[in-house]
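Peer 1: Dropping a structure here in structure tokens format, bear with me for questions.
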Amino acid sequence: MTPRLEIAPSILAADFTRLGEQVRDAESGGADRIHIDVMDGRFVPNITMGPLVVAAVRRVTSLPLDVHLMIVEPDHLLADFAQAGASRLFVHWETCPNLHRTLGAIQALNCEPGIALNPHTPALLISEVLHKISAVCVMTVNPGFGGQAFLPETLPKIAALRQMFGDRPSDIVVDGGINGETGKQVIAAGANVLVAGSIIFNEKHSVQNGLHNLRRALGK
Ligand code: DX5
Ligand code: ZN
């Protein structure tokens, strides 16, 4: 069963000199969630934002905040991100040696637990914890930067995950290189939450038009 289609703009591509305005524009433009990319310069070769930015975004929108933790040893910071207002916390499979404990800790913080998988990480590796997550985030680029090219070899993994979830109304989030064309491919494969950064936030058009153009290109 595939839950309804949602668009989650990634603020990594936003204009940080006016982040609040850009988030409000995303909400008024029909975004369903806000995707916040946290990077520590160790799990990925880039440093971005932390709980301070999550708290600031929380103050300007009522949309759910999906916090994507591209950090090593995420257990140490789960409470800080929950406190800052995260709705859902995605930890990377590649950074968690004790996933039952980590996912349980996220649940105990009243956040929805999610797992993110790098392009090379097989879907089967999360088969033992499917019942403990509300969403899986399939990376369709190597994490670290916006504006990268979509990796089509990740499409079979999306289909496999939708199969593994069966009747569970779990979200399959796709993250990286999403546009009208790749968006149609991932939806056909079974994804239902599309993270999009550079296609929505860029100087060529307003945020609202970015969202509108994407939905039109998807035929949704
Ligand atoms: C990359 C991030 C993605 C990225 C998507 O590590 O996790 O969310 O912001 O950006 P685009 O849509 O520009 O590929
Ligand atoms: Zn992300």
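The values are calculated or read from the model by the stated rules, or taken from the named source; none is laboratory data. All figures in this text were calculated on a predicted structure; none of them were measured in a lab. Because the Cβ atoms are built from the backbone with ideal geometry, glycine has one as well, and the counts that use them run over all protein chains shown.
Peer 1: Return yes when Leu161 is surrounded by 16 or more Cβ atoms within 10 Å (Cβ to Cβ) and either at pLDDT below 95 or farther than 18 Å from Pro113 by Cα (or both) and no when it is not.
Peer 2: Details: surrounded by 16 or more Cβ atoms within 10 Å (Cβ to Cβ): yes; either at pLDDT below 95 or farther than 18 Å from Pro113 by Cα (or both): no.
No; evaluated as a whole, the condition is false for this residue.
Peer 1: Mind checking which residues of segment 94-141 are in a loop (DSSP other than H, G, I, E, B) and more than 16 Å from ligand 1 (Cβ to nearest atom)? Working first, answer last.
Peer 2: Step one: of segment 94-141, the residues in a loop (DSSP other than H, G, I, E, B) are 96-98, 109-111, 118-122, 133-134, 140-141.
Cys96, Pro97, Asn98, Leu109, Asn110, Cys111, Pro122, Ile133, Ser134 - these are the residues of segment 94-141 that are in a loop (DSSP other than H, G, I, E, B) and more than 16 Å from ligand 1 (Cβ to nearest atom).
Peer 1: If you scan segment 165-191, which residues turn out to be more than 16 Å from ligand 2 (Cβ to nearest atom), within 22 Å of Glu112 (Cβ to Cβ) and crowded, with 16+ Cβ neighbours inside 10 Å?
Peer 2: Phe165, Ser170, Ile187, Gly190
Peer 1: Follow-up. In segment 95-113, is there at least one residue being touching a Pro at 6+ places or on another chain (Cβ under 9 Å), touching a residue at least 24 places away in the same chain (Cβ under 8 Å), among the acidic types (Asp, Glu) and closer than 23 Å to Leu194 by Cα? Spell out how you get there, then give the answer.
Peer 2: Of all residues in segment 95-113, those touching a Pro at 6+ places or on another chain (Cβ under 9 Å) come to 95-96, 102-107, 112.
Still in the list and also touching a residue at least 24 places away in the same chain (Cβ under 8 Å): 95, 102-107, 112.
With among the acidic types (Asp, Glu) added as a condition, the list becomes 112.
Checking which are closer than 23 Å to Leu194 by Cα leaves us with 112.
Yes, that holds for at least one residue.
Peer 1: Ok, one more. Taking interchain pairs and intrachain pairs at least six residues apart, which have beta carbon atoms under 6 angstrom, with the first residue in segment 176-187 and more than 15 Å from Asn202 (Cα to Cα) and the second outside any helix (DSSP H, G or I) and β-branched (Val, Ile, Thr)?
Peer 2: From segment 176-187, the pairs are Gly176/Thr140; Gly176/Val141; Val186/Val174.
Peer 1: State whether one or more residues within segment 134-142 are more than 16 Å from ligand 2 (Cβ to nearest atom), of a type outside the set (Asp, Glu) and surrounded by fewer than 21 Cβ atoms within 10 Å (Cβ to Cβ).
Peer 2: The answer is yes; a qualifying residue exists.
Peer 1: Quick check: is even one residue across segment 36-48 surrounded by fewer than 21 Cβ atoms within 10 Å (Cβ to Cβ), part of a loop (DSSP other than H, G, I, E, B) and at positive phi?
Peer 2: yes
Peer 1: I've got another one for you. In this structure, is Gly219 at pLDDT 95 or above and either within 16 Å of ligand 2 (Cβ to nearest atom) or surrounded by fewer than 24 Cβ atoms within 10 Å (Cβ to Cβ) (or both)? Don't jump to the end; show me each part of the working.
Peer 2: Values: at pLDDT 95 or above: no; either within 16 Å of ligand 2 (Cβ to nearest atom) or surrounded by fewer than 24 Cβ atoms within 10 Å (Cβ to Cβ) (or both): yes.
The answer is no for Gly219.
Peer 1: Let me spell it out: the conditions are (1) polar (S, T, N, Q); (2) within 14 Å of ligand 2 (Cβ to nearest atom); (3) free of Cβ contacts under 8 Å to residues at least 40 places away in the same chain, and Ser198 meets all of them except one. Which number is the exception?
Peer 2: Just one mismatch for Ser198, condition (3).
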